[in-house]
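S.K.: Pasting a structure below so you can have a look.
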Amino acid sequence: MGRKLLLDKAHIEGIRYYDVYRQNGGYAAAEKALKSMSPDQVTEEVKKSGLRGRGGAGFPTGLKWSFLAKPEGVPRYLVCNADESEPGTFKDRYLMEFLPHLLIEGLLISSYALGANRTYIYIRGEYAWIPDILEEAIRDAHKNGWLGKNIQGSGFDLDIYVQRGAGAYICGEETALIESLEGKRGNPRIKPPFPAVKGLWQCPTVVNNVETLAAVVPILNIGGDEYAKIGIGKSTGTKLISACGNINKPGVYEIDMTISVEEFIYSEEYCGGIPNGKRLKACIPGGSSVPILPANLLLKTAKGEQRMMTYESLNDGGFPTGSMMGSGGFIVLDEDQCVVRHTLSLARFYHHESCGQCSPCREGTGWMKRVLMNIENGKGKMSDIDLLWDIQRKIEGNTICPLGDAAAWPVAAAIRHFRDEFEWHVNNPEEAQRRNFGLAHYADPLPVVAAAAAV
Amino acid sequence: MAVQFSEEKLNKVKEIIARYPEGKQKSALIPVLHLAQESFGGWLSAETMDYVASLLQITSIEVYEVATFYSMYNLKPVGKYLFEVCQTGPCMLNGSDNIIAYIKEKLGIGNGETTPDGLFTLKTVECLGACGYAPMMQLGKFYKEHLTKEKVDQIIAECRAQAGN
């Protein structure tokens, strides 16, 4: 069983409440930070841990914190990005729902390190019941002297507020989130200036994901060096993976980044294999925006090595043969699933969620959706496949924010790895309309872990 | 003015504005629009948006541009129970198409339509972050997950019972 640092206490009844959290070691890391460490020492500890942002980009957290401008007399802000909206990703919801004090404690330590006295949790609007849970936790933390003025006699002041969004995936992008928090449309800002210099209300701001901020607590508890020893290479510590699609045990799992993709899919500890004895066809390992991989490239890299659940191994080979850890949204497709149809569903998502600010994204996402609809509905032409490839190339890298890339990559990877399935749709329009997807030839033979379990 | 928050709701508005630094009350717009939608029949009329603008001392157009951007604000009346069914990738892999088709058949309405008795509106939506519990829908403040036809029947019956029909 892998090491657990975030969910190790998730099974304890009542851990959502202050008293139980405190009795089980809660706020010890905050106490350590406030009473025996300077803000710079906290940042140093996070740097030593090698923690990478858990929202998707994977940028080193301590380094991001060290970029924060500190002009005299200007407030600084920490914003917790809880706008979890990427298809396949539902891990932060779990943390907020079941371990709200872990997040509050992480926010307290991080705010102390950054010198922020006012912190906002920006949560997607659809998670409408979670703000009540967070606000109750905030009230209890206040009552017990972990928020407010002169926290635990340290001289540090902090207030945390929760703000609900109102339904816009783009608000997960940090500058769009800031715009939304300022009461505007979630249109991303051109960078530079980066939020670390001019963020919320033009003040220096750090935006971090829920899981990233929660991870600061175990880092302080066990020390940055110890945290860095967990995992492989630059994939240090633990990572939450939200697994879904065609698997026996969908859910949120904490992995210590030393296991293989095959073990994650087939072992009983994690996804428990594919339902009904079906075979694995493909997987999107890091949330809908990262490239889909066919089974053969998912389980082994192009070099024939076992693919591991680490940032580096998932990315091995770059986009032609690899994918990304992303936000850890792990979507599994069995042999009966249609890649064209799935790609259409993602194209429809990105078209719906484009903020409309940049023409390549606003127009291109809709164009891709329409072409994919034609192919899926049996009205496609062979030239449409090349057209799709051309459109996604014209979106990628040509927009203010990464939503354009996020919309382009799933289409590119689907064509790259499953071109013959697109061609089959074009050549078999009637069967495509009857939803007889036909092709199952991408499914690998039963992998080793599953075969061993079956014996 | 016909649109007017209760005293309790006005206090809530003041509390929301106090979350932000002085002079940054525009930041309260999104939460106050949520409050307005909940308070005034589940949707935002032009009159409601103008009222919110006056409360926050911003222009009406600033409210309109926000209200039209975010998918959770309804700009026309909706039924008492709004079924927002997720149709994105992971839900689709788990049969959301069938659930949507069943709701349409059961209620006799299409996407975006409301039943003649004003009880139910169906709206397909994009990813709600419940991919491990698919297929699912949002109903008011809560999620209804692992949907089956039987569960849909049960939800509809519960709504009808609650509405006294």
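The values are calculated or read from the model by the stated rules, or taken from the named source; none is laboratory data. Everything quoted here is computed from the prediction, not taken from an experiment. Note that each Cβ is placed from the backbone with ideal geometry, even for glycine, and that neighbours are counted across all protein chains shown. Each accessible area value is taken on the protein alone, full model and side chains, heavy atoms only, with ligands, DNA and RNA left out. Shrake-Rupley method; radii C 1.70, N 1.55, O 1.52, S 1.80 Å.
S.K.: Out of the residues in the range A:19-33 that are touching a residue at least 12 places away in the same chain (Cβ under 8 Å) and charged (D, E, K, R), state the one that is nearest to residue A:146 (Cα to Cα).
M.R.: Filtering the range A:19-33 for residues that are touching a residue at least 12 places away in the same chain (Cβ under 8 Å) and charged (D, E, K, R), the one nearest to residue A:146 (Cα to Cα) comes out as A:31.
S.K.: Only one residue in A:213, A:200 is under 24 Å from residue A:91 (Cα atoms) and touching a helix residue (DSSP H, G or I) at 6+ places or on another chain (Cβ under 6 Å). Which one?
M.R.: Answer to the check: A:213.
S.K.: Can you spot a residue in the range B:67-85 that is among the polar types (S, T, N, Q) and touching a strand residue (DSSP E or B) at 6+ places or on another chain (Cβ under 6 Å)?
M.R.: Checked against the condition, which is being among the polar types (S, T, N, Q) and touching a strand residue (DSSP E or B) at 6+ places or on another chain (Cβ under 6 Å), the range B:67-85 yields no hits at all.
S.K.: If the Cβ limit is 7 Å and pairs must be 6+ apart or interchain, which residue in the range B:106-131 that is away from every other protein chain (no Cβ under 13 Å) pairs with which residue that is among the β-branched types (Val, Ile, Thr) and part of a helix (DSSP H, G or I)?
M.R.: If the second residue must be among the β-branched types (Val, Ile, Thr) and part of a helix (DSSP H, G or I), the pairs left are B:106/B:152; B:106/B:156; B:122/B:103.
S.K.: List every residue pair whose Cβ atoms lie under 7 Å apart, where the two residues are 6 or more positions apart in sequence or sit on different chains, the first residue falls within the range A:1-17 and is assigned to a loop (DSSP other than H, G, I, E, B), and the second residue, located anywhere, is surrounded by fewer than 16 Cβ atoms within 10 Å (Cβ to Cβ) and not hydroxyl-bearing (Ser, Thr, Tyr).
M.R.: A:1/A:269; A:9/A:24; A:12/A:20; A:12/A:24; A:14/A:20; A:15/A:24
S.K.: Just need a number here: residues in the range A:195-206 that are open to solvent by 10 Å² or more (accessible area, probe 1.4 Å) and either within 20 Å of the chain's Cα centre (by Cα) or within 15 Å of residue A:63 (Cα to Cα) (or both).
M.R.: The number of residues fulfilling the criteria is 2.
S.K.: For the range A:348-361, indicate whether the set of residues that are more than 14 Å from chain B (Cβ to nearest Cβ) and among the acidic types (Asp, Glu) is non-empty.
M.R.: Among the residues of the range A:348-361, not one is more than 14 Å from chain B (Cβ to nearest Cβ) and among the acidic types (Asp, Glu), which makes the answer no.
S.K.: Moving on to the next point. Suppose the filter is polar (S, T, N, Q), outside any strand (DSSP E or B), over 19 Å from the mean Cα position of the chain (by Cα) and under 26 Å from residue A:93 (Cα atoms); does residue A:296 pass it?
M.R.: Numbers: polar (S, T, N, Q): yes; outside any strand (DSSP E or B): yes; over 19 Å from the mean Cα position of the chain (by Cα): yes; under 26 Å from residue A:93 (Cα atoms): no.
For residue A:296, the condition - polar (S, T, N, Q), outside any strand (DSSP E or B), over 19 Å from the mean Cα position of the chain (by Cα) and under 26 Å from residue A:93 (Cα atoms) - is not met.
S.K.: Just one of (1) away from chain A (no Cβ under 14 Å); (2) under 14 Å from residue B:79 (Cβ atoms) trips up residue B:148, so point out which.
M.R.: (2)
S.K.: Starting from the range A:355-381, keep only residues that are closer than 12 Å to residue A:398 by Cβ, then list their pairs with residues that are surrounded by fewer than 17 Cβ atoms within 10 Å (Cβ to Cβ) whose Cβ atoms are within a distance under 7 Å, requiring at least 6 positions of separation or different chains.
M.R.: Sorted first by the residue in the range A:355-381, then by its partner, the pairs are A:360/A:394; A:360/A:398; A:362/A:356; A:364/A:394.
S.K.: Same structure, new question: Restrict the check to the range A:368-378 and report whether at least one residue is at negative phi, modelled with pLDDT under 95, of a type in the set (D, E, K, R) and assigned by the TED database to the domain that holds residue A:418.
M.R.: yes
S.K.: Working carefully through the options A:124, A:118, A:164, find the one that is at pLDDT 95 or above, within 14 Å of another protein chain (Cβ to nearest Cβ) and out of contact with any Pro (no Cβ under 9 Å at 6 or more places or on another chain).
M.R.: From the options A:124, A:118, A:164, the qualifying one is A:124.
S.K.: Which condition breaks for residue A:130 when tested against (1) within 22 Å of residue A:51 (Cβ to Cβ); (2) free of Cβ contacts under 8 Å to residues at least 60 places away in the same chain; (3) hydrophobic (A, V, I, L, M, F, W, C)?
M.R.: (1)
S.K.: With the structure loaded, tell me whether residue A:363 is part of a helix (DSSP H, G or I), modelled with pLDDT under 95 and surrounded by fewer than 23 Cβ atoms within 10 Å (Cβ to Cβ) or whether it fails that test. Full working, then the answer.
M.R.: Working: part of a helix (DSSP H, G or I): yes; modelled with pLDDT under 95: no; surrounded by fewer than 23 Cβ atoms within 10 Å (Cβ to Cβ): yes.
Here the answer is no, as residue A:363 does not meet what is asked.
S.K.: Scan A:373, A:368 and give me the residue that is of a type outside the set (S, T, N, Q), in a helix (DSSP H, G or I) and within 14 Å of another protein chain (Cβ to nearest Cβ).
M.R.: It is A:373.
Quick grid of which residues meet (1) under 11 Å from the mean Cα position of the chain (by Cα); (2) closer than 17 Å to residue A:160 by Cα; (3) without any contact (Cβ under 8 Å) to a residue 24 or more places away in the chain; (4) open to solvent by 10 Å² or more (accessible area, probe 1.4 Å):
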| site | (1), (2), (3), (4) |
| --- | --- |
| A:71 | no, no, no, yes |
| A:76 | no, yes, no, yes |
| A:80 | no, yes, no, no |
| A:89 | yes, no, no, no |
| A:92 | yes, no, no, no |
| A:104 | no, yes, no, no |
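S.K.: Mind telling me which of the residues B:106, B:141 ends up being more than 16 Å from residue B:42 (Cα to Cα) and open to solvent by 50 Å² or more (accessible area, probe 1.4 Å)?
M.R.: Answer to the selection: B:106.
S.K.: I've got another one for you. Enumerate the pairs (first residue in the range A:245-270 and within 14 Å of chain B (Cβ to nearest Cβ); second residue anywhere and part of a helix (DSSP H, G or I) and surrounded by 20 or more Cβ atoms within 10 Å (Cβ to Cβ)) with beta-carbon separation below 6 Å, excluding pairs fewer than 6 apart on the same chain, so at least 6 apart or on different chains.
M.R.: Pairs found: A:245/B:90; A:245/B:93; A:250/B:132; A:251/B:132; A:252/A:91; A:252/A:94; A:270/A:264.
S.K.: To continue, here is another question. Please work out which one of (1) open to solvent by less than 20 Å² (accessible area, probe 1.4 Å); (2) within 11 Å of chain B (Cβ to nearest Cβ) is the condition residue A:169 fails and give its number.
M.R.: Unmet condition: (1).
S.K.: Turning to a different aspect of this structure: Quick one: in the range B:29-76, of everything that is within 13 Å of chain A (Cβ to nearest Cβ) and aromatic (Phe, Trp, Tyr), which residue is nearest to the chain's Cα centre (by Cα)?
M.R.: B:73
S.K.: State yes or no: is residue A:140 under 20 Å from residue A:97 (Cβ atoms), touching a Phe, Trp or Tyr at 6+ places or on another chain (Cβ under 8 Å) and open to solvent by 20 Å² or more (accessible area, probe 1.4 Å)?
M.R.: Yes, satisfied.
S.K.: Right, residue A:159: within 10 Å of chain B (Cβ to nearest Cβ), more than 29 Å from residue A:289 (Cβ to Cβ) and open to solvent by 20 Å² or more (accessible area, probe 1.4 Å) or not?
M.R.: Considered against the rule, which asks whether it is within 10 Å of chain B (Cβ to nearest Cβ), more than 29 Å from residue A:289 (Cβ to Cβ) and open to solvent by 20 Å² or more (accessible area, probe 1.4 Å), residue A:159 comes out as yes.
S.K.: Additional query: Return a yes/no flag: does the range A:346-360 have any residue that is closer than 30 Å to residue A:256 by Cβ and out of contact with any Leu (no Cβ under 8 Å at 6 or more places or on another chain).
M.R.: Yes; the residues of the range A:346-360 include at least one that is closer than 30 Å to residue A:256 by Cβ and out of contact with any Leu (no Cβ under 8 Å at 6 or more places or on another chain).
S.K.: Just name the residue that is nearest to the other protein chains (Cβ to nearest Cβ) out of those in the range B:86-103 that are out of contact with any strand residue (DSSP E or B) (no Cβ under 7 Å at 6 or more places or on another chain) and of a type outside the set (S, T, N, Q).
M.R.: Checking each candidate, the answer is B:92.
S.K.: Also: For the range A:263-284: of the residues being within 14 Å of residue A:251 (Cα to Cα) and within 21 Å of the chain's Cα centre (by Cα), which is surrounded by the most Cβ atoms within 10 Å (Cβ to Cβ)?
M.R.: That would be A:265.
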